[in-house]
Structures are given as C-alpha cells and as structure tokens.
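The values are calculated or read from the model by the stated rules, or taken from the named source; none is laboratory data. The structure displayed is predicted, hence computed values, not measured ones. As a convention, Cβ positions derive from the backbone with ideal geometry for all residues, glycine included, and neighbour counts pool all protein chains shown. These area figures cover heavy atoms from the full protein model, side chains too; ligands, DNA and RNA do not enter into them. Shrake-Rupley method; radii C 1.70, N 1.55, O 1.52, S 1.80 Å.
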Amino acid sequence: MRRLILIAVPYIWLLALFLVPFIIVLKIALSDAWLAIPPYVPTLDISAGWAGFKDFLSGLDFENFIFLTEDDLYWKAYLSSLKIAAISTLFTLLVGYPIAYGMAKAPDEWRPTLLMLVILPFWTSFLIRVYSWMGILSQEGYLNQTLMSLGLISEPLIILNTNAAVYIGIVYTYLPFMILPIYSALEKLDASLIEAAEDLGCSRLSAFWLVTIPLSKQGIIAGCFLVFIPTIGEFVIPSLLGGSQTLMIGKVLWEEFFSNRDWPVASAVAVILLLILVIPIILFQRNEQKQREANE
Amino acid sequence: MPQDVFAPWLDPDANPIIQFKNVTKKFGDFAAVDDLTIDIYEREFFALLGPSGCGKTTMMRMLAGFEAPTEGHILLSGQDMAPVPPNKRAVNMMFQSYALFPHLSVWNNIAFGLRRNGLPKDEIAARVDEMLRLTRLEKFARRKPHQISGGQRQRVALARSLAKAPKLLLLDEPLGALDKKLRQETQFELMDIQEKTGTTFVIVTHDQEEAMTVASRVAVMDHGKIVQVATPPDIYETPNSTYVADFIGDVNLIEGKAGAMDGDKLAISWGEGLADIIGTPHTNFDKGQTVYFAIRPEKVTITHDKPANPIAFRGKVLDIAYLGNLSTYHVELPNGQIIKAQTANNRRISRRGFTWEDKVWVSWTDTAGVLLEN
Ligand SMILES: Nc1ncnc2c1ncn2[C@@H]1O[C@H](COP(=O)(O)OP(=O)(O)O)[C@@H](O)[C@H]1O
Ligand SMILES: [Mg+2]
C-alpha cells in the first residue's frame with residue numbers, strides 16, 4: 001500500500017500539473033473561435049449527459065491545426081524561434097564555458113564567492129533586469145554614450161529592437177543555466193588527467209580539446225538544453241528588446257490570445273510548441289540519466 | 001669484476017641519463033627538494049624511497065616537466081631540461097592515481113600517446129596490441145577504465161606510459177593501491193618488463209620491501225634530501241646513518257662512546273657493568289665520540305648456554321613475535337636495553353627452545369654490526 005502511494009504521488013503530480021492543463025488546452029485547440037465567453041465553441045454541457053458529451057465531441061475538429069500549416073506566418077515563427085534559440089544557445093555556451101572554466105580553475109577559497117556572483121542576479125526581478133538592458137542598449141543608452149565618449153564610434157549603434165538585442169538579452173538571462181552544469185562537470189575533472197595528456201605529447205590546447213572538452217561534455221549538453229528549451233518559447237525578451245522583424249513563437253502566441261482573442265488557434269500553436277519541445281526534453285533527460293549512471 | 005654485473009655507477013666513463021645538479025624546489029619558503037645532486041644511469045631501475053612528504057613526487061614532477069626547479073639544473077642525456085615542456089620530453093610518467101582517461105577505452109588510452117606522434121594507423125594498432133600482450137590485457141581492450149579492476153587499471157597505466165617507448169619511465173607509487181599479494185606479483189612483472197624493454201625506470205615508493213625487491217639502486221630520502229644511494233644489499237648491510245638503518249628493515253640501535261682503536265676494531269662502552277661492544281668501523285671515530293652501533297636482528301644469535309663468542313650479553317626473553325617462517329625475540333639486558341634477535345623457524349613449533357622469562361644469551365660477531373656517527 002505504502003509503495004503504491006509512493007508510486008502514485010509523482011503520477012498524480014504529473015496528471016494534475018501537466019496532463020489536465022494539456023488536455024484543456026488541446027480541447028480548446030480543437031474548438032472553433034466564437035464571439036462568446038469563453039470565446040470558443042463547443043463547450044461541454046454536463047447537464048445534458050451522454051448526448052451532450054457526444055454533441056461536444058462532434059463539434060471538435062483539426063481545423064486550427066490545418067490553418068497553422070496554411071498560413072506561413074506560423075511555421076516561419078517556429079523556425080525562427082528554433083534558429084534564435086539555437087544561435088543564442090551557442091553564444092551562451094561560448095560566453096559561459098570560459099567563465100565556468102575560470103571558476104573551476106580558481107583557488108578553492110574563491111569558488112563559493114564566484115558561485116554566489118553567478119547566482120546573485122536571480123535575486124532581483126527578471127523584468128527589471130530586462131528593462132535595464134533597454135537603458136543600456138538604446139540609442140541614448142549607456143553603451144552608446146560610453147562608446148561615443150571614447151571616440152570609438154561617431155554615430156550611435158542601433159541595437160535595441162533588433163535581433164542582436166534579443167541575443168544579448170537571452171545570453172545574459174540564461175548564462176547561469178549554462179555556467180552551473182559546466183562548472184560542476186569541470187570541477188570534478190582530475191587535474192592529473194591534463195598532466196597525463198601533456199605527458200603523452202599533447203600541447204596545452206590539444207589536451208583541452210581531447211580531455212577537458214570530452215569530460216565536460218555532459219555539462220555542456222545539460223547547459224545547452226537548459227538554455228535552448230526555455231528560449232524557444234521565450235516571450236518577454238523578444239517583446240521588450242526585439243523589434244518588429246523579430247519573429248518568435250512566444251510572441252505569436254501572445255498576439256493570438258490577447259490581440260486576436262482567437263483562443264483555439266493560440267492553443268493549437270501552444271500544442272505544437274509543446275510537441276516540438278518534447279524532443280529536446282527527452283534528449284535532456286537521457287543525458288541526465290547517462291550522467292547519473294557514469295557517476296555511480 | 002665480471003663483465004655481466006650491471007653497475008654503471010661504478011664506471012667513471014659511463015654517461016648518466018639523468019643528472020640532478022644542486023636542484024632545489026621551493027613552495028613558498030618550504031624546500032620540498034633541497035640541494036639535491038644525483039646521477040641515474042641508462043637501464044637502471046632506480047628507487048626513491050622515503051616517508052610521505054619527503055619530496056619524492058616533487059622530484060618526479062620536475063623530471064616530467066610539471067614543476068620547474070627553483071635552483072639548479074636537471075639534465076637528461078646531457079641536455080638541460082629547463083626549457084623543454086612536458087610534451088616534448090622523452091619521459092613518460094605513470095601517475096600515482098593512474099590518471100586513465102575515463103572517456104576512452106583501454107585500447108584508446110594506450111593509443112593516446114602514439115596518436116600524438118602522428119604515426120600511421122597500422123603502426124599504432126601494432127604497438128597497442130604489443131603493449132596489451134606485454135601487460136596481459138588483450139581481453140579488456142574494449143572496456144572503459146571503470147569496467148576493470150584496480151590491478152588491471154594499474155597495468156593499463158603502465159602500458160600507456162610504455163607505449164611511446166620513452167627513454168625514461170617514471171612510476172609514482174605505482175603499486176600503492178594494490179593488495180599485498182597482487183603487489184608482489186606485479187613487482188616481478190615490472191622487473192620483467194623493465195628488462196624486456198630496456199627502459200630506465202625511476203620508481204617512487206614508501207615501501208622499503210618494494211624498493212629492495214625491484215631496484216638496482218635505492219635512494220633513501222628525508223626532508224627533500226637524499227641520505228644515501230646504494231644497491232639494496234649495500235643499503236641494508238652498510239647504512240650510512242641511523243635514519244637509513246632504521247628506515248630499511250628492522251634494526252637494533254645501541255648508543256655508546258668510542259673507546260680506543262685496536263687494529264681495525266673499536267671498543268664501544270655503552271652501559272655500566274656491561275662488556276664493551278667490539279665493532280669494525282668504516283670511518284674514523286675519535287675517542288669519547290658518540291657512536292651508534294646498528295645490528296640487524298637476524299645477525300644476533302640467541303642461546304641458552306654461554307656462547308664461545310666474546311661479544312655476548314645475558315638477558316631475559318620479554319616478548320616473542322612468531323611470524324611463521326621467523327620468530328623475533330625481544331631480549332631485555334640488565335641495563336634495560338632491548339635487543340631483538342631473529343631466528344629462522346626451520347623446526348616445528350613444539351621443538352623451539354625459548355619461552356617468556358627465559359634467561360638467555362644474545363651474541364654476535366665483531367663484524368656483524370655497523371658503527372654510525374648519527
Ligand atoms: N604544489 C605544491 N604547493 C605547496 N606545497 C607542495 C606542493 N606540492 C608538494 N608540496 C609539499 O612538498 C612536500 C613534498 O611533497 P611530495 O613531493 O608530494 O612528497 P612525497 O611524494 O614524498 O610524499 C610536502 O610537504 C608537500 O606538502
Ligand atoms: Mg607522493
């Protein structure tokens with residue numbers, strides 16, 4: 001009995017917090033938009049009993065999903081989101097890896113402080129931090145002021161409301177998710193392995209490529225997924241820092257819900273987004289599993 | 001001296017493969033290696049022996065190129081090594097922790113160094129297979145390091161460090177993690193491999209038995225200095241200090257005052273009412289100088305009756321340590337000095353002659369012990 005409860009708890013958790021909301025969203029995605037409250041039909045009339053349920057089922061169809069394939073806005077938004085997520089994951093890795101490496105190589109007594117510094121930004125509001133990037137990146141912002149006063153540029157750079165600002169925002173926001181798993185992989189790395197590689201004829205650089213990188217691979221993979229997965233559906237950063245040409249599915253979703261009040265199409269967009277995310281999430285889980293096995 | 005005795009250190013024309021010239025290594029103010037000068041010759045199996053923290057690993061790391069000497073020079077085949085980085089030295093090291101690459105199979109671990117040389121594929125494969133055969137690891141070639149036992153890992157580490165056929169192989173406590181039985185087997189294997197490959201081995205150990213077993217010469221270290229370098233029999237029979245005598249094997253140390261020389265013999269007075277010990281010194285002792293007389297327990301004879309030998313003392317058996325093949329008796333002399341005497345148990349236990357509290361004689365010949373100054 002106790003075992004049953006123990007097993008049941010995570011399933012009930014999953015059911016309540018994932019499956020039920022998903023079914024509700026899926027149901028809306030299969031409905032049609034209607035001027036009503038809520039703004040879609042059919043709605044389930046429980047008082048009508050079995051006949052009502054049959055009525056309700058017959059009202060559901062895949063129209064909205066078909067619509068998504070017809071209007072190229074949607075698949076372009078998905079592709080563009082994947083592209084932006086992939087590019088910003090790469091940038092985050094390029095920025096995050098050296099930081100994690102430096103932290104892992106730092107003297108022992110420094111490490112808690114450095115870890116703290118990485119985590120510290122999380123203690124202030126995410127929105128405020130994104131807004132302050134607007135202050136930094138805008139035409140009269142601190143960045144342009146500094147560069148101009150140093151005489152490096154004569155015209156202010158236009159960064160805000162471009163994809164560049166989106167990349168900067170994403171890299172900044174998700175950097176800790178990249179640093180922490182890589183740091184934890186590098187910290188475990190035995191320094192004598194690098195010496196062994198050098199002893200066997202590696203230069204510093206090739207020892208890094210042949211030993212350090214492969215042995216921090218799991219951290220790299222974990223970090224990349226932790227950045228990539230939430231970035232695909234990111235909404236706040238592209239809408240605050242991005243411009244009109246920044247196409248991301250999170251923004252499309254928001255507009256369908258709140259500007260068009262087309263809940264069924266918005267829900268269909270969300271369902272597809274979820275299906276797209278399932279693949280990297282499964283891969284991520286598999287990587288975590290492998291890591292656990294390797295540590296045993 | 002016959003031709004086939006291997007003793008290049010006695011040959012004034014032999015060129016050492018390694019020379020330490022007044023090498024000092026400091027970490028901050030602390031000298032881990034202190035003004036060390038030593039020559040090691042080709043094909044030697046050279047053992048560095050000393051307690052933990054005496055600077056053995058530091059010496060090895062300087063040879064491999066991971067640490068630079070603070071002062072002095074290290075020469076390899078006559079060439080100063082200071083500007084040569086670790087990856088350019090014809091030296092390979094077997095690490096104390098083995099340092100096997102966990103992400104590579106046994107085969108790829110062994111091939112790692114060969115690949116750095118840019119050898120053709122089939123040559124690499126042939127060499128790796130040869131190493132696998134040498135270390136009897138053929139069956140485990142595809143496994144990852146965490147899928148094999150400690151003893152097998154140790155052999156992979158050895159195979160990997162031998163694969164590039166280095167001029168010099170450094171082994172830092174290579175057998176530390178093995179149990180006693182496997183360790184003894186592996187010692188003989190190491191000697192065998194050293195002989196087959198003709199590589200110069202420098203082995204670090206804190207186990208004196210291991211050093212004595214494998215080495216052509218043993219260097220005993222203490223606090224960053226080498227106290228004595230000699231062949232195993234020499235270091236055992238003629239230690240140059242009480243430190244070495246005590247560190248290598250078991251020893252009785254008796255403190256006394258030098259008397260007058262009588263020919264090549266020296267009388268040592270060492271306790272009231274006890275006869276002088278007569279010893280054969282190798283160095284000069286002034287009259288009245290403090291002398292330490294060191295004698296190995298197996299050179300002390302224990303008897304019930306007064307022996308014919310003039311150096312004999314009466315005492316009583318205090319303790320008996322039965323080791324199977326040997327027994328060690330702790331005999332207390334009238335002045336409280338304990339003398340350890342060891343006999344081989346070549347008779348069955350029921351016929352052994354001594355028991356606790358027995359009055360016995362301990363005796364030795366006048367050449368059995370060594371006279372030391374400190
Ligand atoms: N990198 C280092 N920094 C500071 N002290 C060190 C370092 N490496 C070794 N030491 C010190 O040098 C001494 C000798 O160390 P080591 O050569 O490892 O000894 P052994 O191998 O003989 O046990 C020790 O006291 C150790 O604490
Ligand atoms: Mg050591």
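Could you please state how large a percent of the accessible area of chain A is carbon and sulfur, counting protein chains only and using a 1.4 Å probe?
Ligands and nucleic acids excluded, carbon and sulfur reach 71 percent.
Just subtract the alpha-carbon distance of residue B:133 and residue B:316 from 0.36 nm times their residue separation and send over the number in nm, one decimal.
Stretched fully, the residue B:133-residue B:316 segment lengthens by 60.2 nm.
Can you give the mean number of other chain Cβ atoms that lie within 10 Å of the Cβ atoms in peptide A:120-130?
Taking the mean over all residues of the peptide, I get 0.
Over the range B:212-322, with the other protein chains present, what is the accessible area per residue in square angstrom, probe 1.4 angstrom?
47
Relative to the longest principal axis of chain A, what angle (0 to 90°, nearest 10) does the C-alpha long axis of helix A:126-137 take?
Between helix and principal axis, roughly 60 degrees.
Specify which residue in the list B:15, A:69, B:63 is farthest towards the positive end of the charge dipole of the protein assembly as shown, using unit charges on the beta carbon of Lys, Arg (+1) and Asp, Glu (-1), about the Cα centre.
A:69
How large is the charge dipole for the range A:22-126, taken about the Cα centre, if only the Cβ atoms of Lys, Arg (+1) and Asp, Glu (-1) carry charge, to the nearest 20 debye?
520
In nm, what is the difference between 0.36 nm times the number of residues separating residue A:3 and residue A:15 and their Cα-Cα distance?
The span from residue A:3 to residue A:15 would gain 2.5 nm if fully extended.
What number, rounded to the nearest 500 deg cm²/dmol, is the helix-based mean residue ellipticity at 222 nm of chain A, given -39500 (n - 2.57) per DSSP H run of at least four residues and division by all its residues?
-22000 deg cm²/dmol
Which distance in nm do the two modelled labels at residue B:265 and residue A:290 give, with both placed 7 Å along the Cα-to-Cβ direction?
Simple spin-label model gives 8.0 nm for this pair.
So for chain B, taking the charge dipole from beta-carbon charges (+1 Lys/Arg, -1 Asp/Glu), which of B:215, B:310, B:235 sits furthest toward the positive end?
B:215
When the solvent-accessible surface of protein heavy atoms is calculated with a 1.4 angstrom probe, in what order do B:262, B:276 fall, highest first?
The most accessible residue leads, giving B:262, B:276.
Would you mind calculating the relative contact order of chain B from Cα pairs under 8 angstrom and at least 6 residues apart, reporting the percent as a whole number?
Relative contact order of chain B: 14 percent.
Determine the equivalent ellipsoid of the range B:250-372 by diagonalising the alpha-carbon gyration tensor, then write out the semi-axes as square roots of 5 times the eigenvalues, largest first, rounded to whole Å.
Its equivalent ellipsoid spans semi-axes of 28, 14, 12 Å.
Under a 10 Å cutoff between Cα atoms, tell me which one of A:29, A:196, A:165 has the largest fluctuation in the Gaussian network model of chain A.
A:196
May I ask you to list the residues of the range B:3-35 whose amide nitrogen lies under 16 Å from a point 7 Å from Cα along the Cα→beta-carbon direction of residue A:109?
B:28-29
In Å², rounded to the nearest 100, what is the total accessible surface buried by chains B and A against each other with a 1.4 Å probe?
Roughly 1600 Å².
Residue separation times 0.36 nm, minus the C-alpha to C-alpha distance between residue B:88 and residue B:149: what's the value?
This chain segment gains 18.8 nm when fully extended.
Assign one of three labels to the range A:66-143, namely rounded, prolate or oblate, based on the Cα gyration tensor with a ≥ b ≥ c the square roots of its eigenvalues; rounded applies when a/c is under 1.5, prolate when it is not and a/b is larger than b/c, and oblate otherwise.
prolate
Rg/Rh for the range A:21-61: what does it come to with C-alpha atoms and Rh from Kirkwood?
Here Rg/Rh amounts to 0.96.
R0 = 22 Å: FRET efficiency of residue B:13 with residue B:165, Cβ-based, nearest 0.05?
0.25
Can you tally the lysine pairs in chain A where the Cα-Cα distance is under 28 Å and the two residues are eight or more apart, or on different chains?
Counting lysine pairs in chain A gives 13.
Once R0 is set to 41 Å, what does the formula 1/(1 + (r/R0)^6) return for the Cβ-Cβ distance between residue A:255 and residue B:97, expressed as a FRET efficiency to the nearest 0.05?
Once rounded, the FRET efficiency stands at 0.10.
How much accessible area does residue B:60 have with a 1.4 Å probe, in Å² rounded to the nearest 10?
So the heavy atoms of residue B:60 present about 0 Å² to solvent.
Only residues of the range B:280-320 count here: report those whose backbone N is under 18 Å from the spot 7 Å along Cα→Cβ of residue B:359, or say none.
Flagged as within label range: B:302-308, B:312-319.
When 1/r is averaged over all different Cα pairs and the result inverted, which Kirkwood radius in Å belongs to the range A:1-92?
16.9
What nm value, rounded to one decimal, do you get for the distance between residue A:117 and residue B:52 when each label is placed 7 Å out toward the C-beta?
3.6
Would the range A:73-295 count as rounded, prolate or oblate if I go by the C-alpha gyration tensor, calling it rounded below 1.5 in a/c and otherwise prolate when a/b exceeds b/c, oblate otherwise?
oblate
Pop a pseudo-label 7 angstrom from the Cα along the beta-carbon direction at both residue A:282 and residue A:235 and give the gap in nm to one decimal.
With each label placed 7 Å out from Cα toward Cβ, I get 2.7 nm.
Probe radius 1.4 Å, ligands and nucleic acids ignored: give me the carbon and sulfur share of the accessible area of chain B as a rounded percent.
49
Per the helix-only calculation at 222 nm, which mean residue ellipticity applies to chain B, given -39500 (n - 2.57) for every DSSP H run of n ≥ 4 and division by its residues, nearest 500 deg cm²/dmol?
So the helix-based figure for chain B works out to -6500 deg cm²/dmol.
How big, in percent, is the set of alpha carbon pairs in chain B lying more than 26 Å apart?
Of all Cα-Cα distances in chain B, 60 percent exceed 26 Å.
Give me the log10 of I(q) over I(0) for the protein assembly as shown at q = 0.12 Å⁻¹, as the Debye formula computes it from C-alpha points; what are the numbers?
With no solvent term, the Cα-only Debye profile gives -1.27.
Roughly what angle does helix B:180-197 make with the longest principal axis of chain B, taking Cα atoms, 0 to 90 degrees, to the nearest 10?
So the helix axis and the longest Cα principal axis differ by about 60 degrees.
Give me the inter-chain shielding for B:310-319: mean count of other chain Cβ atoms within 10 Å, whole number please.
Per-residue shielding by partner chains comes out at 0.
Given R₀ = 60 Å, what would the calculated FRET efficiency be for residue B:195 paired with residue A:83, taking r from the Cβ atoms and rounding to 0.05?
The computed FRET efficiency comes out at 0.40.
What is the dipole size for the protein assembly as shown, taken about its Cα centre, with +1 at each Lys and Arg Cβ and -1 at each Asp and Glu Cβ, in debye to the nearest 20?
Taking the Cα centre of the protein assembly as shown as origin, the dipole is about 1320 debye.
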